[in-house]
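The block underneath contains the structure these notes are about, expressed in structure tokens.
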Amino acid sequence: MKVLQLYRTYFPESQGGLEESIRQICLATGALGVEQRILTLARVSEPDVVPMPEGDVFRVPLQLEPASCSIGMSLIRAYREQTRWADVVHLHYPWPFADLVHVLSGTSTPVVLTYHSDIIRQRTLEKLYAPLRSVFFNRVSRFVATSPNYVESSPVLSAMSRPPDVIPLGLAPESYVAPSEQAMADVLTRFGEGFFLFVGVLRYYKGLHNLIQAAAISGLRVVIAGQGPEGGRLKKLAEDLRAHNVAFAGYVSDDVKQALFKRARAVVFPSSERSEAFGVTLLEGQLNRKPLISCDIGTGTSFVNRHGETGLVVPPNDPSALAEAMRALQASPDLAVAMGEAGRQRLDEVFSGKSVGKAYLNLYREMIET
């Protein structure tokens with residue numbers, strides 16, 4: 001079976017939770033005999049192919065990014081060519097340009113759409129885009145949501161005549177390599193240990209301004225790993241608040257990222273908008289047996305992190321509540337350890353790569369046989 005994954009960004013150019021979720025789907029289904037390819041846009045001058053363990057990554061030039069909607073007109077031709085190869089096309093929403101690409105391609109290859117998030121910020125543009133989305137959705141064979149929470153809270157998903165399938169994101173522990181001794185030593189030298197860790201792209205909906213304010217309130221050490229459009233504003237905020245206990249690690253390698261998880265006391269995921277539909281970083285925290293702190297925004301973050309069991313869930317946009325949760329885990333190491341162990345158990349039982357891979361394999365088969 002051959003499956004084509006389509007999303008606007010991917011490794012090695014971009015590091016984010018959605019990219020990691022696609023990688024995990026490819027690895028999990030690949031272990032079951034599915035051949036995967038990933039088609040994406042990148043800052044390249046000509047189309048190229050990057051071999052990756054999960055599948056070949058076909059990249060075409062990125063031209064524009066209006067309102068965070070990546071556009072590259074050569075994608076239309078590349079998509080048409082790749083869909084001839086594929087038995088199933090797996091698209092990841094939202095990306096309005098992908099809707100247009102699919103409609104213009106005229107392909108008859110069955111399409112599954114994983115619905116990661118509603119369009120939150122670009123409300124006015126969404127109204128203009130809605131007719132195209134309607135045409136596109138009518139050509140999608142199956143829809144997948146990543147949590148029951150999101151199905152209930154999404155006006156788009158809850159209004160569907162046929163409820164979407166629910167397949168959570170997952171992680172295969174064997175796809176992560178233990179950090180090297182050098183990385184562990186470097187992280188210890190730069191950041192110490194027992195800090196509160198955020199890993200991800202620095203975007204507006206991540207709520208990192210609240211985390212910086214919580215760090216200023218609590219005085220506890222925070223490490224923010226990643227880069228993104230909000231980086232400059234966040235660093236200035238930390239300077240203005242004199243939050244010298246906040247360290248910006250910037251882009252980190254997988255080796256250093258794993259060392260950061262090992263050295264951390266807890267993982268903090270302060271996303272404050274519904275654009276954050278799930279949170280792969282939360283799964284990575286559970287993989288490393290770390291307690292989680294997240295915000296209740298009516299999405300999959302509270303499906304992953306169970307309050308009082310695998311971590312603490314606080315109201316969004318409330319730095320004081322965030323600081324209090326951090327203090328609670330700092331003051332009770334035994335509680336932090338117990339929550340971390342409960343999180344790893346939940347990962348193995350609900351979010352394992354094997355179970356997610358089997359679910360998608362069955363879905364792909366159903367689509368081909370229909």
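The values are calculated or read from the model by the stated rules, or taken from the named source; none is laboratory data. Keep in mind it's a predicted model, so treat the numbers as computed, not measured. Here the Cβ positions follow ideal geometry from the backbone for every residue, glycine too, while neighbour counts run over all protein chains shown. Only protein heavy atoms, including side chains, enter the accessible area calculation; ligands, DNA and RNA are left aside. Shrake-Rupley method; radii C 1.70, N 1.55, O 1.52, S 1.80 Å.
Residues in the stretch 173-212 that are open to solvent by 10 Å² or more (accessible area, probe 1.4 Å), more than 19 Å from ILE297 (Cα to Cα) and within 24 Å of the chain's Cα centre (by Cα): PRO173, GLU174, SER175, TYR176, VAL177, ALA178, PRO179.
Does ASP165 satisfy being open to solvent by 30 Å² or more (accessible area, probe 1.4 Å), in contact (Cβ under 8 Å) with a residue 40 or more places away in the chain and not basic (Lys, Arg)? Judged against the criteria, ASP165 is a match. Out of all the residues in the stretch 76-89, is one or more open to solvent by 10 Å² or more (accessible area, probe 1.4 Å), without any contact (Cβ under 8 Å) to a residue 24 or more places away in the chain and within 22 Å of the chain's Cα centre (by Cα)? No, the stretch 76-89 contains no residue that is open to solvent by 10 Å² or more (accessible area, probe 1.4 Å), without any contact (Cβ under 8 Å) to a residue 24 or more places away in the chain and within 22 Å of the chain's Cα centre (by Cα). The number of residues in the stretch 296-341 being more than 22 Å from LYS262 (Cα to Cα), under 20 Å from the mean Cα position of the chain (by Cα) and of a type in the set (Ser, Thr, Tyr) comes to 2.
Within the stretch 43-94, the set of residues being of a type in the set (Gly, Ala, Ser) and not in a loop (DSSP other than H, G, I, E, B) comprises ALA67, SER68, SER74, ALA78. Listed by first and then second residue, the pairs linking a residue in the stretch 210-227 that is over 11 Å from LEU322 (Cβ atoms) and touching a residue at least 12 places away in the same chain (Cβ under 8 Å) to a residue that is surrounded by fewer than 21 Cβ atoms within 10 Å (Cβ to Cβ) and β-branched (Val, Ile, Thr), with Cβ atoms under 7 Å apart and 6 or more places separating them unless they lie on different chains, are ALA225/VAL252; GLY226/VAL201. Can you tell me which of PHE278, PHE261 is at pLDDT below 95, within 25 Å of SER117 (Cβ to Cβ) and not acidic (Asp, Glu)? None of the others qualify; the one that does is PHE278. Considering the stretch 118-144, and only residues there that are within 24 Å of ALA67 (Cα to Cα) and among the small types (Gly, Ala, Ser), the residue that is modelled with the lowest pLDDT turns out to be ALA130.
Got a sec? Which of LEU260, LEU292 is farther than 30 Å from VAL166 by Cβ, in contact (Cβ under 8 Å) with a residue 24 or more places away in the chain and touching a strand residue (DSSP E or B) at 6+ places or on another chain (Cβ under 7 Å)? Walk me through how you get there before you give the answer.
On the way: LEU292 fails: farther than 30 Å from VAL166 by Cβ.
Among LEU260, LEU292, only LEU260 is farther than 30 Å from VAL166 by Cβ, in contact (Cβ under 8 Å) with a residue 24 or more places away in the chain and touching a strand residue (DSSP E or B) at 6+ places or on another chain (Cβ under 7 Å).
No other residue among SER175, SER161, SER154 is farther than 29 Å from ALA321 by Cα and out of contact with any helix residue (DSSP H, G or I) (no Cβ under 7 Å at 6 or more places or on another chain) apart from SER161.
Please tell me if TYR115 is surrounded by 12 or more Cβ atoms within 10 Å (Cβ to Cβ), out of contact with any Lys or Arg (no Cβ under 7 Å at 6 or more places or on another chain) and at pLDDT below 95. Talk me through it step by step, then tell me what you get.
Values: surrounded by 12 or more Cβ atoms within 10 Å (Cβ to Cβ): yes; out of contact with any Lys or Arg (no Cβ under 7 Å at 6 or more places or on another chain): yes; at pLDDT below 95: no.
Against the criterion (surrounded by 12 or more Cβ atoms within 10 Å (Cβ to Cβ), out of contact with any Lys or Arg (no Cβ under 7 Å at 6 or more places or on another chain) and at pLDDT below 95), TYR115 does not qualify.
Scanning the stretch 14-42 for residues that are under 23 Å from GLN227 (Cα atoms), open to solvent by 40 Å² or more (accessible area, probe 1.4 Å) and not in a helix (DSSP H, G or I) turns up just one, GLN15. Evaluate the following for GLU46: is it within 22 Å of GLN227 (Cα to Cα) and acidic (Asp, Glu)? Considered against the rule, which asks whether it is within 22 Å of GLN227 (Cα to Cα) and acidic (Asp, Glu), GLU46 comes out as no.
Does the stretch 53-64 contain any residue that is of a type outside the set (A, V, I, L, M), in contact with an Asp or Glu (Cβ under 6 Å, 6 or more places away or on another chain) and surrounded by fewer than 21 Cβ atoms within 10 Å (Cβ to Cβ)?
Start the filter on the stretch 53-64 by keeping residues that are of a type outside the set (A, V, I, L, M), which leaves 53-56, 58-59, 61, 63.
If we keep only those that are in contact with an Asp or Glu (Cβ under 6 Å, 6 or more places away or on another chain) too, we end up with 59.
Okay, now just the ones that are also surrounded by fewer than 21 Cβ atoms within 10 Å (Cβ to Cβ), so none.
So far as the stretch 53-64 goes, no, none of its residues is of a type outside the set (A, V, I, L, M), in contact with an Asp or Glu (Cβ under 6 Å, 6 or more places away or on another chain) and surrounded by fewer than 21 Cβ atoms within 10 Å (Cβ to Cβ).
Listed by position, the helices (runs of 4 or more DSSP H) contained in the stretch 124-191 that have at least 1 residues being of a type in the set (Phe, Trp, Tyr) are 148-153, 181-191.
Among the criteria (1) of a type outside the set (Lys, Arg); (2) closer than 17 Å to GLN82 by Cβ; (3) surrounded by fewer than 21 Cβ atoms within 10 Å (Cβ to Cβ), the one LEU128 does not fulfil is (2).
Checked against the criteria, VAL60 counts as in contact with a Pro (Cβ under 7 Å, 6 or more places away or on another chain) and at pLDDT 95 or above.
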